[in-house]
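The values are calculated or read from the model by the stated rules, or taken from the named source; none is laboratory data. Keep in mind the model is a prediction, meaning the values are calculated, not measured. With ideal geometry, Cβ positions are generated from the backbone for all residues, glycine too; neighbour counts draw on all protein chains shown. Ligands, DNA and RNA are excluded from the accessible area calculation, which covers all protein heavy atoms including side chains. Shrake-Rupley method; radii C 1.70, N 1.55, O 1.52, S 1.80 Å.
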Amino acid sequence: MTEAVIDLKDVSLTLGTGASSVHVLKGVSLKVTAGEATGIVGPSGSGKSTLLMVLAGLEGVDSGTVRIAGELLNGKSEDQIAAFRGRNVGIVFQSFHLIPNMTALENVAVPLELAGKRDAFAIAERELASVGLADRVTHYPGELSGGEQQRVAIARALAPEPRILIADEPTGNLDQATGRQIADLLFAKAKERGMTLVLVTHDPSLAARCTRQVAMRSGRIEAEPPLAVVSAG
């Protein structure tokens with residue numbers, strides 16, 4: 001039986017308090033097998049990005065269980081989850097999240113250094129070359145195009161060799177041609193390294209490239225192909 005690298009059971013989450021509270025996830029259950037590419041689609045406010053944050057351990061849950069890469073995240077401290085994420089999960093955001101006063105090389109290497117990797121800069125240089133930026137390592141984010149900045153972000157996500165790559169609207173800030181190149185890069189790297197890819201997108205053509213699609217609406221998983229092991233309570 002294929003290993004479930006992501007296993008959520010009856011997960012619920014409310015954000016905010018009192019009158020401003022929002023029930024963002026409502027009894028979501030989801031299994032994703034190792035090496036699979038899953039596209040999460042749905043209207044704005046359906047809970048897609050919050051679900052990604054739960055998968056990455058960036059958001060805790062009110063109820064239900066979250067097991068990622070074989071580890072139960074429920075009950076772990078923030079430090080434990082941060083260490084777990086550093087080993088297992090790479091994240092690519094729509095808005096790049098690069099540090100403006102660091103070069104491309106430093107943006108990739110510094111998180112590795114903080115994680116205790118002694119050859120952080122050598123790894124960073126190799127990863128930047130692998131995404132086509134060998135000649136841009138000393139450039140600052142402000143000196144790079146949007147597509148180049150997203151390539152730096154992808155290199156940063158790939159550098160720790162995670163089992164899971166999570167991407168939240170990775171092409172959302174890019175023009176169509178550049179977005180297609182970034183999508184090609186993400187899918188190629190996931191396949192090349194045997195990673196599990198989970199991405200949120202509003203782009204139907206990008207979602208269609210995934211092994212499967214998960215549709216969300218109003219905090220619930222609404223529908224997906226019958227082979228998927230998914231339910232929503």
- request: Starting from the Cα of ARG87, step 7 Å toward the Cβ, then list every residue of the stretch 114-130 with an amide N under 15 Å from that point.
  value: 115-117
- request: Would you calculate, for the chain, the mean residue ellipticity at 222 nm contributed by helices, counting each DSSP H stretch of 4 or more residues as -39,500 (n - 2.57) and dividing by all residues, to the nearest 500?
  value: -10000 deg cm²/dmol
task: Sum up the charges of everything whose Cβ sits under 9 Å from the Cβ of LEU165, counting Lys and Arg as +1 and Asp and Glu as -1, but leave LEU165 out.
output: +3
- prompt: Using only the Cα atoms of the chain, what do you get for the radius of gyration and for Dmax, in Å?
  reply: 17.5, 52
field: PHE121, PHE84, ranked by accessible area, largest first (probe 1.4 Å)
entry: PHE121, PHE84
- request: Could you work out how far helix 120-130 tilts from the main Cα principal axis of the chain, as a 0 to 90 degree angle to the nearest 10?
  value: 80 degrees
query: Which aspartates and glutamates, on any chain, are close to LYS9 with Cα under 18 Å apart, when same-chain ones fewer than 8 places away are left out?
result: GLU59, ASP62, GLU71, GLU222, GLU224
query: Which peptide among 26-32, 163-169, 149-155 comes first, and what is the full order, when sorted by highest mean count of other Cβ atoms within 10 Å?
result: 149-155, 163-169, 26-32
- prompt: With every protein chain left in place, what is the accessible area per residue of the chain in square angstrom, probe 1.4 Å?
  reply: 47 Å²
- request: On the full set of protein chains, 1.4 Å probe, figure out the accessible area of MET195 and give it in Å² to the nearest 10.
  value: 10 Å²
Interchain or long-range residues, amide H under 5 Å from GLY90's placed H: ILE164, LEU165, ILE166
- request: Would you mind calculating the relative contact order of the chain from Cα pairs under 8 angstrom and at least 6 residues apart, reporting the percent as a whole number?
  value: 30 percent
statement: In degrees rounded to 10, the 0-90 angle between helix 78-88 Cα long axis and the longest Cα principal axis of the chain is 70 degrees
- line: Karplus ³J(HN,Hα) for the stretch 13-22 (6.51 cos²θ - 1.76 cosθ + 1.60, θ = phi - 60°; Hz, whole; x = Gly/Pro) runs 8, 10, 10, x, 10, x, 5, 8, 6, 10
field: Long-range HN-HN contacts of LEU25 with modeled amide H, under 5 Å
entry: LEU13
statement: Of every hundred units of 1.4 Å-probe accessible area on the stretch 77-155, the number belonging to carbon and sulfur atoms, as a percent, is 51 percent
- request: Apply the Karplus parameterisation 6.51 cos²θ - 1.76 cosθ + 1.60, with θ equal to phi minus 60°, to every residue of the stretch 206-220 and state each ³J(HN,Hα) to the nearest whole Hz, in sequence, with x for glycine and proline.
  value: 6, 4, 5, 7, 6, 4, 8, 10, 10, 9, 10, 8, 6, x, 10
- prompt: Counting DSSP beta bridges in the chain, what percent are antiparallel, to the nearest 5?
  reply: 55 percent
- request: Quick one: which residues, 5 or more positions from VAL200 or on another chain, have an amide H under 5 Å from its amide H? H modelled 1.01 Å from N in the peptide plane, none for Pro or chain starts.
  value: ILE40, ALA167, ASP168, GLU169
query: Among GLY86, LEU30, GLY70, whose Cα lies farthest out toward the positive end of the dipole of the stretch 3-95, if unit charges sit on the beta carbon of Lys, Arg (+1) and Asp, Glu (-1)?
result: LEU30
message: Quick one: 3J(HN,Hα) in Hz for the stretch 186-203, Karplus 6.51/-1.76/1.60 with θ = phi - 60°, rounded, Gly and Pro as x.
response: 4, 5, 5, 5, 4, 5, 4, 9, x, 7, 8, 10, 10, 9, 9, 8, 9, 8
